[in-house]
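Here's the structure we're looking at; comments come further down.
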Amino acid sequence: MGAVVLATRNKGKIAELSAMLEGFHLEVRGLDDYPEIGEIEETGTTFEANALIKAKAVAEATGLIAVADDSGLEVDALDGAPGVYSARYSGVGATDLKNSEKLLAALHDVDDDERTARFRCVMLAYAPSGEQLVTSGAWEGHIAREFKGDQGFGYDPVFVDSESGRHSAELSREEKNQRSHRGKALRKLLADWPEFWARAGVE
């Protein structure tokens, strides 16, 4: 059985990818399996650059294929912000709540029909041979004027899914995975995985 390393310590993400890669007979590990790998600084200015930084560092440290993702929220009225800075939008000591509150304040005077936004995710697999597989996904919606729902994390309580009209934080995990940017990127990654595995030259 081969192995891949998911460049995260998030056990939920690891379990999700393990289940989806089950048919490929791969063992999915996380960064907790490699405590010698410290925090990887994300210095890129795009989602793809940050995903590459993480995946390349982990692949070189472990000698295994590594998969990383980077994602964030793009708001049209804010020229794409907070974008790659979504997790630290409110500055030092940023929390999900502080980030969402800052976002709502920035959009206070923006009309409802101009509050369009999307979550975007780039997922990247990197092999020690240097081969890469890059996929992406977007989830269209708009920013609400108030918080709603208690599921999910990040900007989910203020992001409204354009298809259902419900806040992301009101959706079940299954519903969210079907619609979300990360779910779309992951399904594309899995569709291209056999060809990538062959190119990567893994025994």
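The values are calculated or read from the model by the stated rules, or taken from the named source; none is laboratory data. Computed from a predicted model, the values in this text were never measured in an experiment. For neighbour counting, all protein chains shown are included, and Cβ atoms are generated from backbone atoms with ideal geometry for every residue, glycine included.
The table for this structure:
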read-out: Residues located in segment 9-53, provided they are β-branched (V, I, T) and touching a helix residue (DSSP H, G or I) at 6+ places or on another chain (Cβ under 6 Å); value: V28, I37, I40
read-out: Evaluation of D150 against (1) in contact with a strand residue (DSSP E or B) (Cβ under 7 Å, 6 or more places away or on another chain); (2) at pLDDT below 95; (3) acidic (D, E) (one fails), failing number; value: (1)
read-out: Hits in segment 1-32 - residues which are in a helix (DSSP H, G or I) and hydroxyl-bearing (S, T, Y); value: S18
read-out: Residue that is surrounded by the most Cβ atoms within 10 Å (Cβ to Cβ) [pool: residues in segment 19-33 that are closer than 23 Å to N50 by Cβ and out of contact with any Ser or Thr (no Cβ under 7 Å at 6 or more places or on another chain)]; value: L21
read-out: Count of residues meeting criterion [of a type outside the set (S, T, Y) and in a helix (DSSP H, G or I)] in segment 100-128; value: 9
read-out: Residue match in segment 33-48 (condition: assigned to a helix (DSSP H, G or I), more than 16 Å from the chain's Cα centre (by Cα), of a type outside the set (G, A, S) and more than 20 Å from S168 (Cα to Cα)); value: yes
read-out: Residue within segment 57-68 that is touching a Pro at 6+ places or on another chain (Cβ under 6 Å), at pLDDT 95 or above, surrounded by 15 or more Cβ atoms within 10 Å (Cβ to Cβ) and assigned to a helix (DSSP H, G or I) present; value: yes
read-out: Hey, A87 of a type outside the set (V, I, T), under 18 Å from S71 (Cα atoms), touching a residue at least 24 places away in the same chain (Cβ under 8 Å) and in a strand (DSSP E or B) or not; value: no
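Every residue, every condition in (1) over 24 Å from R88 (Cβ atoms); (2) in a helix (DSSP H, G or I); (3) without any contact (Cβ under 8 Å) to a residue 24 or more places away in the chain, yes or no:
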{"position": "S136", "(1), (2), (3)": "no, no, no"}
{"position": "F147", "(1), (2), (3)": "no, no, no"}
{"position": "Q151", "(1), (2), (3)": "no, no, no"}
{"position": "Q178", "(1), (2), (3)": "yes, yes, yes"}
{"position": "A185", "(1), (2), (3)": "no, yes, no"}
{"position": "K188", "(1), (2), (3)": "yes, yes, no"}
{"position": "D192", "(1), (2), (3)": "yes, yes, no"}
{"position": "F196", "(1), (2), (3)": "yes, yes, no"}
